[in-house]
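I have placed the structure first, in the form of structure tokens, so that the comments after it can refer back to it.
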Amino acid sequence: MIWILSGFVIWGVGWRLNIWLSHKPKTSFTRLAVPIIFGITLIAMWECFVRGLEISPVLLPPPSMIAVAFAESTNILWEDFVQTVIKGALSGYIIGCGAAFLTAIAIDRFPFLQRGLLPVGNFVAALPIIGMAPILVMWFGFDWQSKAAVVVVMVFFPMLVNTVQGLQASDHMQRDLMRTYAASYAQTLIKLRLPAAMPFIFNGLKIATTLALIGAIVAEFFGSPIKGMGFRISTSVGQLALDLVWAEIVVAAVVGSAFYGGVALLEKAVTSWHPSQRG
Amino acid sequence: MTTDPVISAKNLSLTFQTNDGPVHALKDVNLEINKGDFVSFIGPSGCGKTTFLRVMADLEKPTAGEITVNGVSAEDARRARAYGYVFQHAGLYPWRTIGGNIRLPLEIMGVSKSEQDAAVKEVLEMVHLDGFEKKYPWQLSGGMQQRASIARALAFHADILLMDEPFGALDEIVRDHLNEQLLELWARTNKTIGFVTHSIPEAVYLSTKIVVMSPRPGRITDVIESTLPKERPLEIRDSPEFIEIAHRVRDGLRAGHAHD
Amino acid sequence: MTTDPVISAKNLSLTFQTNDGPVHALKDVNLEINKGDFVSFIGPSGCGKTTFLRVMADLEKPTAGEITVNGVSAEDARRARAYGYVFQHAGLYPWRTIGGNIRLPLEIMGVSKSEQDAAVKEVLEMVHLDGFEKKYPWQLSGGMQQRASIARALAFHADILLMDEPFGALDEIVRDHLNEQLLELWARTNKTIGFVTHSIPEAVYLSTKIVVMSPRPGRITDVIESTLPKERPLEIRDSPEFIEIAHRVRDGLRAGHAHD
Amino acid sequence: ADDVTLQLKWVTQAQFAGYYVAADKGFYEEEGLNVTIKPGGPDIAPAQVIAGGGADVVLDWMPSALASREKGLALVNIAQPFKSSGMMLTCRKDAGIASPADFAGKTLGVWFFGNEYPFLSWMNKLGLSTEGGADGVTVLKQGFNVDPILQGQAACVSTMTYNEYWQIIDAGLTPDDLVVFKYEDQGVATLEDGMYVLEDNLKDPAFEDKMVRFVRASMKGWKWAEANPTDAAMIVLDNDASGAQTEEHQIRMMGEIAKLTAASNGALDPADYERTVASLMSGGSDPVITAKPEGAWTHAITDKALK
Amino acid sequence: MRNVLPVLTVVIAIFVLWYAGAVALNAAWAHDKAKRAGVELTTSELIADTMSQKKPKLPPPHQVGAEIWKTTGAMVIKGKAFSKRSLLYHTGITLSSTLLGFAMGTALGIALAVGIVYNRTMDMSVMPWVIASQTIPILAIAPMIIVVLNAVGISGLLPKAVISMYLSFFPVVVGMVKGLRSPDHMQLDQMKTWNANSNQEFWKLRLPSSMPYLFTSLKIAMAASLVGAIVGELPTGAVAGLGARLLGGSYYGQTIQIWSALLVAAALAAGLVGLIGLFQKIVLKRMGMAR
Ligand SMILES: Nc1ncnc2c1ncn2[C@@H]1O[C@H](COP(=O)(O)OP(=O)(O)OP(=O)(O)O)[C@@H](O)[C@H]1O
Ligand SMILES: Nc1ncnc2c1ncn2[C@@H]1O[C@H](COP(=O)(O)OP(=O)(O)OP(=O)(O)O)[C@@H](O)[C@H]1O
Ligand SMILES: Cc1ncc(C[n+]2csc(CCO)c2C)c(N)n1
Ligand SMILES: [Mg+2]
Ligand SMILES: [Mg+2]
């Protein structure tokens, strides 16, 4: 009872604090503090309610237990991180986004390809990727290569569609200007169309970050060496080691958010000229 | 001196196909522009001024008739980089600073870095934007953007300058100043200039030839050769000759509107 | 008749905080506008005309000084729907027809359907757009859109009409026509009008009071009370009185530019 | 009628024929029970389901049930219809494997999700590290199918006598191409498919009575299934909502399952239990369970049910 | 119409590649079999074998086509369109949780977006966590969601739909926040001069201008929702639905079954997305925003 009560109290306090903070002028401090307080409030409420309602730890462990498991298993978590994120997700992300980017430029050069590939691409993009995972594991083996392949397949089309759209984003007048200069195709591409496409390209890159991580983890459910975040999650559930499962989920969420945030920062630097980046 | 036509349009027509039927933006347009001419185009909104300018610059292909520039096709002239073009809206690239925007055509044409610097400095002074080289377009007011766009077209020395309502967003004083500057540049370089405007005094003040157009379909209703001298102080706008030409332009315009 | 000031600004200042330092858009501005005045604001680009109009309409809060409208604060006046405002760019909603755009403020103010219909019809005629009620904005040329935007501000009978360069995109003939219409409306309804323009003749032709502004920081350099009669045929623009006022305005403007 | 929910360990197949038969033939109804059978799958941990209150009784393998018990979830075995283990490691001869001595340096496919414990204790017994290397084995987390052996990605894969082994055969390898190591033969067999309930629930006499009737009817179902393998397989097929199972495979599976259940009347043999516990505790440096479990099984239900 | 030829070309190219891939990938097994049987394969025998294996690594198109026909069209002809062995039945199951999850996700997404746009506190606190929520591997928590919902007595369609919702609300939040913020300053100022209240501002300005964004995100959300429905079917015992077929196929190494379930799922997704596209055309046209 006392736990539940304190849960509600924490809720109220956190909420109040955030309302107060968010109505102060925006500074980089409040910009950071508000979401963090929000998160801490959520986590504290979770702790209180799990304890107060006596929820079995094999269903939902309290955050304190997760933290302990995290601290005790840093070796495992690090090994899994390297296997899944660095080897699987990152390499797949780079290959997939890179290939999509080059394909987009090729498609853009040949309108025939564009008219043919995009509708088909949309169909392929609709393939539920969960279904592709077992097939790719079958084709590329158990190790990280098949995870990277899943990531490549997952990020390719979102990236392609965004880049193609971005390459068409320059307006008529901007392109006409290049015509009056008799600029070559390459000059137009480098000086006009790629800069104009940047917001779209970054949109694709951002979507791809979350997809990459999910893809790499999910693919490990369909066969893997005995390490990796997906492997650990799926086997630990079977062992009812839910605290370790959640520790892995925390890693995934932190890494995913950091990955996303990193790309968003890069975007801010590269496209500072774009209206959406100007407060 | 005998003047070869720099631009010569013969029976030019351009029809846009739109989903609610064809739009005759230009119909049977004939015009000759000689080297060193300053030609203004004036006419009600939608009469085809922009379209005509775009055809000259090979940004639009005529559906009938013929246009030659410097004796070759408009396309060849474009490839030879014969044009400087100022668009109706500033159209600066938002990811480049003002300096970077002005530098753009120079980079494309392979001008050396030091020459670029010199050119940028020169044209920025000409349009009174010195000190704004490092600013981004959105950090400037509308009028300043328009001036930057003019500077960009002046930065490389094209023979033919096509300007689509370049001074629309400017106040009278700045406009007068830029008018003078433009005349000075024109006199100095002997460029051929095509100039679209809505302002009758501006057209009369600047031009050697005023082309009055009327819409639906877009055609030329009058071509007025100016009798004003090449040397034109601002005061010339109070001279009877000036007022008479302005009257003739206004009458031509009114006739165009009557067709509505 | 004794005239209470409708708008009264006392020591008004407005400073924008930007990342490269403060911009003094308005500094110590004092002005009184009486009921039924037609006040034009003229000045170089960036001198604070738009900002001043926005302060009057409570779209921007002054950082110092005070403004009262109809004896109450600008905010209260806005809540009482005292303003019709025409923005510098047309700003029509693309998902509404011309008629729907004009109807919008009326819907918001809870005007009955039949009154809406009547009002839409009336203002569309006034700006010569009858027949375009069902068209979407993008089906109209730039000038027509601007007229629709004016019609929208006229459709509900606000006492105070604030117009920010409403006729910028129009050609001379249409502009003359709308000038006449506006004067006619003003004479008939006794509205108070604040009007930003870049054109000296337009300012002189329309106004009872011309406010000349200069930039950095934005302030009022001259307030010229017009001596022209209320009844103003277009020909009045050739009268010596007109030309004299225009000269005074031009001088004021030039002085402002000299500060650059 | 009393409601009982049973959570299976895996998808609907002949492995669970006894329960489907009992439901289909009305054995549960006769006992005044209204039984809901929930199929399992690769993502379903029966222990978690029962902890969440999603089932009254679950089927699980003893190693994972005992491990759950150590984690604080008090599961109790109330009946054990499977007498012997069906688990084995199936290897390709052409991968150079003839006996467990050849495992070193090879890649082996293993099921995880709580099914890895018997394998780990076997390797421990053989003195092979599972960390790879020349004198250890490289372990793959095997997916749901036998692809790794077909594609040559692994020298051996885990199979059940009644299921995956036949998938390998169906795929085109012949028994001659293969060599199998049954866990039973290797002395590392652990108990499979037992019925488990929560210890606390057993204290409730009404629940206990319900379980007695449930076990009685279920065992009746099992014995019927053993006697009528073809009909039992058809009943299973009727209950397969995914429509993915084939008649041929299920009939064959039922035949193999019958061999595993035949020797059990439902009551847990304490000797088997001791053997399983011993095997799990011997896991070297990393045993599955660290202390001898207390109260992990009971004859209370079977004693009454089988009277 | 002018797209027909290019699309056809690309589709034909895909088929050619597909067949070539089938031969290449399936050849190893054919050789393996032949070696064990002690026979030599000629090229034509090899190709024939790769075209007709029972569990090919990559089933050629005609095998998949035949399987799809067998489990759809042929079932309809036999009058068993909705039997368990019919893909139509499974498609129907998946469709229902997709649609329910999509509806819930859209509602949640719009509600969150409105909160973020109108409430400063939500604006600053919620968005990073919405992003973080999407980095959690759904397949990992799907079973927990199912178990927890089961524990409180919710089973059947709803748990699967909740997973669909989890995946589909994200694109809607992102798109709608962008969309509701798309009116420019001038348009908002206009509303201010008319003293519109926030209700009027929402219905007459923000919502209409968000429409193009809404539809784009709905398309993404629909595809995501389908993935969610399929993922949600795995831990419910893979009882029925396209996900169950995928899993069942995967479990038994039935590649042909996997591919046919996969293609049907893709067709379902393409159909649903196309439907939204159609709806978008109609709505935007009626709003005068399509040209
Ligand atoms: N790309 C196009 N497609 C269809 N119609 C067009 C296109 N461009 C121009 N038009 C039409 O052609 C006619 C002439 O347009 P143009 O832009 O040349 O007018 P303008 O004289 O420059 O007018 P303004 O003074 O408003 O700039 C107009 O009726 C316009 O609607
Ligand atoms: N939101 C803003 N943030 C920062 N500076 C601003 C903002 N709005 C206007 N300014 C600055 O305030 C000054 C006055 O701007 P304002 O728009 O009032 O000029 P204006 O007289 O209307 O010019 P124009 O004739 O070009 O419309 C300018 O220097 C401008 O750059
Ligand atoms: C993820 C996962 N992989 C393998 C098994 C192993 N397993 C245990 S019982 C059974 C059915 C017998 O054919 C199988 C295959 C599992 N439970 N979960
Ligand atoms: Mg034009
Ligand atoms: Mg302004």
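The values are calculated or read from the model by the stated rules, or taken from the named source; none is laboratory data. Since this is a predicted model, take the numbers as computed values, not measurements. A quick note on method: Cβ atoms are made from the backbone with ideal geometry, for glycine too, and the neighbour counts reach across all protein chains shown. Please note that ligands, DNA and RNA were not included when accessible areas were found on the heavy atoms of the full protein model with its side chains. Shrake-Rupley method; radii C 1.70, N 1.55, O 1.52, S 1.80 Å.
Worth a mention:
- Which numbered condition residue E:178 misses (of (1) within 14 Å of chain D (Cβ to nearest Cβ); (2) of a type outside the set (Gly, Ala, Ser); (3) in contact with a helix residue (DSSP H, G or I) (Cβ under 6 Å, 6 or more places away or on another chain)): (1)
- Those residues of the range D:249-263 which are open to solvent by 10 Å² or more (accessible area, probe 1.4 Å) and within 14 Å of residue D:80 (Cβ to Cβ), in sequence order: D:260, D:262, D:263
- There is at least one residue in the range B:77-94 that is more than 23 Å from residue A:185 (Cβ to Cβ), touching a Pro at 6+ places or on another chain (Cβ under 8 Å) and away from ligand 2 (no atom under 16 Å from the Cβ).
- Subset of the range D:102-137 (residues that are more than 24 Å from the chain's Cα centre (by Cα), surrounded by fewer than 22 Cβ atoms within 10 Å (Cβ to Cβ) and either of a type in the set (Ser, Thr, Tyr) or away from chain A (no Cβ under 11 Å) (or both)): D:102, D:104, D:105, D:106, D:127, D:128, D:129, D:133, D:134, D:135, D:136
- Some residue of the range D:155-173 being within 14 Å of chain E (Cβ to nearest Cβ), open to solvent by 50 Å² or more (accessible area, probe 1.4 Å) and aromatic (Phe, Trp, Tyr): yes
- Residues located in the range B:108-145, provided they are farther than 11 Å from residue B:98 by Cα and within 14 Å of chain C (Cβ to nearest Cβ): B:125, B:127, B:128, B:141, B:142, B:143
- Residue that is farthest from residue D:39 (Cα to Cα), among those in the range D:231-242 that are surrounded by 20 or more Cβ atoms within 10 Å (Cβ to Cβ) and facing chain E (nearest Cβ under 9 Å): D:242
- Selected residue (criterion: nearest to ligand 5 (Cβ to nearest atom)) from residues of the range C:41-57 that are of a type outside the set (Lys, Arg) and open to solvent by 10 Å² or more (accessible area, probe 1.4 Å): C:50
- Search result, residues across the range D:21-43 that are of a type in the set (Phe, Trp, Tyr) and open to solvent by 10 Å² or more (accessible area, probe 1.4 Å): D:27
Residue-by-condition table, conditions (1) within 16 Å of ligand 1 (Cβ to nearest atom); (2) under 23 Å from residue C:168 (Cα atoms); (3) of a type outside the set (Asp, Glu); (4) crowded, with 19+ Cβ neighbours inside 10 Å:
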{"residue": "B:101", "(1), (2), (3), (4)": "no, no, yes, yes"}
{"residue": "B:111", "(1), (2), (3), (4)": "no, no, yes, no"}
{"residue": "B:127", "(1), (2), (3), (4)": "no, yes, yes, yes"}
{"residue": "B:130", "(1), (2), (3), (4)": "no, no, no, no"}
{"residue": "B:147", "(1), (2), (3), (4)": "no, yes, yes, yes"}
{"residue": "B:156", "(1), (2), (3), (4)": "no, no, yes, yes"}
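- Helices (runs of 4 or more DSSP H) within the range A:1-109 that include 1 or more residues not assigned by TED's automatic domain parsing to the domain that holds residue A:210: A:2-22, A:28-52, A:63-72
- Residue check, residue E:211 closer than 30 Å to residue E:185 by Cα and in the same structural domain as residue E:170 (by TED's automatic domain parsing): yes
- Scanning the range C:63-99 for residues that are under 20 Å from residue C:5 (Cα atoms), in contact with a Leu (Cβ under 7 Å, 6 or more places away or on another chain) and surrounded by 21 or more Cβ atoms within 10 Å (Cβ to Cβ) yields a total of 4.
- Any hit, the range C:7-29, residues being more than 16 Å from ligand 2 (Cβ to nearest atom), in contact with a Lys or Arg (Cβ under 8 Å, 6 or more places away or on another chain) and either open to solvent by 60 Å² or more (accessible area, probe 1.4 Å) or under 17 Å from residue C:223 (Cα atoms) (or both): no
- Just one of (1) free of Cβ contacts under 8 Å to residues at least 24 places away in the same chain; (2) open to solvent by 20 Å² or more (accessible area, probe 1.4 Å) fails for residue A:33. It is (2).
- Helices (runs of 4 or more DSSP H) contained entirely in the range E:40-145, each with at least 3 residues that are away from chain A (no Cβ under 14 Å): E:43-50, E:61-71, E:73-77, E:87-118
- Sole residue being within 14 Å of chain D (Cβ to nearest Cβ) and surrounded by fewer than 22 Cβ atoms within 10 Å (Cβ to Cβ), chosen from A:225, A:158: A:225
- Flag if residue C:28 is under 25 Å from residue C:249 (Cβ atoms) and more than 15 Å from ligand 5 (Cβ to nearest atom): yes
- Among the residues listed as C:91, C:99, the single one being touching a residue at least 12 places away in the same chain (Cβ under 8 Å) and either within 13 Å of ligand 5 (Cβ to nearest atom) or not in a loop (DSSP other than H, G, I, E, B) (or both): C:99
- Residue list for the range E:93-121, restricted to those being free of Cβ contacts under 8 Å to residues at least 12 places away in the same chain and open to solvent by less than 40 Å² (accessible area, probe 1.4 Å): E:115, E:121
- Subset of the range C:110-138 (residues that are among the small types (Gly, Ala, Ser) and closer than 19 Å to residue C:185 by Cα): C:118, C:119
- In the range B:22-45, the residues that are touching an Asp or Glu at 6+ places or on another chain (Cβ under 9 Å) and either within 16 Å of ligand 3 (Cβ to nearest atom) or among the small types (Gly, Ala, Ser) (or both): B:25, B:40, B:43, B:45
- Restricting E:267, E:261, E:244 to residues that are within 13 Å of the chain's Cα centre (by Cα), farther than 23 Å from residue E:134 by Cβ and either within 14 Å of chain D (Cβ to nearest Cβ) or not in a helix (DSSP H, G or I) (or both) narrows the list to E:261.
- Of all residues in the range E:9-24, one or more are over 28 Å from the mean Cα position of the chain (by Cα) and within 14 Å of chain A (Cβ to nearest Cβ).
- Of all residue pairs spaced 6 or more apart or on separate chains, those with beta-carbon atoms under 7 Å, a first member in the range C:41-56 that is within 14 Å of chain B (Cβ to nearest Cβ) and a second member that is more than 16 Å from ligand 1 (Cβ to nearest atom) and of a type in the set (D, E, K, R) are C:41/C:49; C:43/C:49; C:44/B:171; C:45/B:171; C:50/C:164; C:51/C:60.
- Test: residue in the range B:183-193 that is crowded, with 19+ Cβ neighbours inside 10 Å, within 16 Å of ligand 5 (Cβ to nearest atom) and within 19 Å of the chain's Cα centre (by Cα): no
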